[in-house]
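Accompanying notes for the structure given below.
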There are 4 protein chains.
Amino acid sequence: MADFSVSLQVRDHECDMQGVVNHAVYLNYLEHARHEFLKTRGLDFAKLTAGGIIVVVARAEIDYRRSLRSGDHFRVTARPQRASAVRLVFEQEILLERGGDCMVTAKMTTTAVNERGRPYFPRELEALFLSASKS
Amino acid sequence: MADFSVSLQVRDHECDMQGVVNHAVYLNYLEHARHEFLKTRGLDFAKLTAGGIIVVVARAEIDYRRSLRSGDHFRVTARPQRASAVRLVFEQEILLERGGDCMVTAKMTTTAVNERGRPYFPRELEALFLSASKS
Amino acid sequence: MADFSVSLQVRDHECDMQGVVNHAVYLNYLEHARHEFLKTRGLDFAKLTAGGIIVVVARAEIDYRRSLRSGDHFRVTARPQRASAVRLVFEQEILLERGGDCMVTAKMTTTAVNERGRPYFPRELEALFLSASKS
Amino acid sequence: MADFSVSLQVRDHECDMQGVVNHAVYLNYLEHARHEFLKTRGLDFAKLTAGGIIVVVARAEIDYRRSLRSGDHFRVTARPQRASAVRLVFEQEILLERGGDCMVTAKMTTTAVNERGRPYFPRELEALFLSASKS
């Protein structure tokens, strides 16, 4: 099954003095793809947050292979995997639209935290975990 | 004639603790629309920069009318006007895609500067100025 | 009386492909100075927001005079003025630490909005307005 | 020997709709600490870049332990280690100023790339590598 993906384009302010997209900006791209993926499962990050469900990134592993440049069109994929009782891992890639070169691969580990910052399972995310384990 | 516009979507990281897009982020949106407009006139901001043509914002006037929120789809317009011998003003709007509500209006004054920071007319921009004055 | 100011340093990721601080980033600097100023009057932006007091920028006027570069140390001033029954204007400057060159001047108009987005006077800000009118 | 560190403060625009610093922003903090560290070895990132020495992040591993909030003062450390012939790894931490709680740990792998994107050893960085191996 093809992974979920969103299509984006580099904005010039995202490039730093090296003339390429700054390495921190890719985390913005990756987050946007994850949040758009959530919507396909009926989950909205803003509504979850407003409802007190705080989903956070617990660990990020990112390999930078090639740099995106001004004007580049690219796709960001998101494939969720249940990693543990409280952790959902997203395997993600950033691919150049033209040619499909892989620019970045990432493994983003997310969890929900309660008011004291402890990981837990919000019932609201069960649908996601179930769906994710089937995909 | 319909204004040039680009269609974008809010990314959640662009929202601040108030849950709406931070006021500084709109300048990123506005810049992206201007740079995409330049491309329609055969001008590429990154190539201009690499070629030593430094186009900068000299003055920004921005009226914030309504706030964009998570997930909002919107359009950013850009209509250039020759303001003086060395200044090109972009009248811009940010409009909610659904319903067309005007969220932001902006008047962005741009100019090119030479190596000592003085405004001047790069020959490369003449095509833009000519086209702009006709539109 | 000397204006309130905060001292900051350019971070390299704030520079764009022109090798200077991107014009949108100055709004981040200006906001930080305003919020630090609020603290000197006993007001905390995050606590106001958490308490339902939504203070927003209604209009920004920014003149870009010189560009900040990698490593530059600079000060951001904030001088509030009561502009109307519902509007507080901050006159602000960004000054190079060494030499004091003025890089940016800004006039930032702020207001509080209620749940329907209408400007109003939160009682919590009265102390600020009173103080501001005296300064 | 105490690690090199820089002291910073959260700016409110760096907080997202959860009211805490967005996870991508920590990479900006970490980068700033690395670039300030370079200066202690006589190396300036902007000058390196202008001179054609392109130092990039090849891999990032970041563990998010606690979230920084509005107003927090914190320190960012940077301890370099020679990881291979072409790779320099920075072990970094973000520590709350008050109390010293560890908020983030990171292992940032950097390298220099030539015009075709291949890792290599710029002579200009030798001093850094030598110094780093001694520390």
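Nothing in this text is a laboratory measurement; each read-out follows from the coordinates by a stated rule. It should be emphasised that the depicted structure is a prediction, and the values quoted were computed from it without experimental measurement. Glycine also receives a Cβ, built like all others from the backbone with ideal geometry; neighbour counts cover every protein chain displayed.
Structure summary
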quantity	calculated
Extension gain, B:Leu96 back to B:Asp44 (0.36 nm per residue minus Cα-Cα distance, nm)	16.0 nm
Shortest-first nm distances, A:Gln81 label point to equivalent points in other copies (7 Å, Cα→Cβ)	2.6, 5.7, 6.1
Computed FRET value (nearest 0.05) for C:Tyr120 with D:Glu124, which takes r as the C-beta separation and R₀ as 41 Å	0.10
Surrounding net charge for B:Ile54, when Lys and Arg each add one and Asp and Glu each subtract one, Cβ distance under 12 Å	-1
Gyration tensor verdict on segment C:15-135 (Cα atoms; rounded if a/c is under 1.5, prolate if a/b is larger than b/c, oblate otherwise)	prolate
Per-residue HN-Hα couplings for segment D:16-31 [Karplus 6.51, -1.76, 1.60; θ = phi - 60°; Hz; x = Gly/Pro]	9, 5, 7, x, 10, 4, 4, 4, 6, 5, 4, 5, 5, 4, 4, 4
Exam field: D:Gly99 pseudo-label spacings to other copies (7 Å along Cα-Cβ), nanometres	4.1, 4.4, 4.9
Formal net charge of residues neighbouring C:Phe37 (Cβ-Cβ distance under 12 Å; K, R +1; D, E -1)	-1
Amide H contacts of B:Met103 (H built 1.01 Å from N, under 5 Å, at least 5 apart or other chain)	B:Ile94, B:Leu95, B:Leu96
Normalised contact order of segment D:4-134, rounded percent, pairs of Cα under 8 Å and 6 or more residues apart	27 percent
Overall form of the protein assembly as shown per C-alpha gyration tensor (a/c, 1.5; a/b vs b/c)	rounded
Shortest-first distances to equivalent copies, position A:Gly51, nm, label 7 Å out along Cβ	3.0, 5.3, 5.6
Local electrostatic count at B:Gln81 - Lys and Arg +1, Asp and Glu -1, tallied over other residues with Cβ under 10 Å	+3
Distance between segment C:15-59 and segment D:54-110 - C-alpha centres, whole angstrom	25 Å
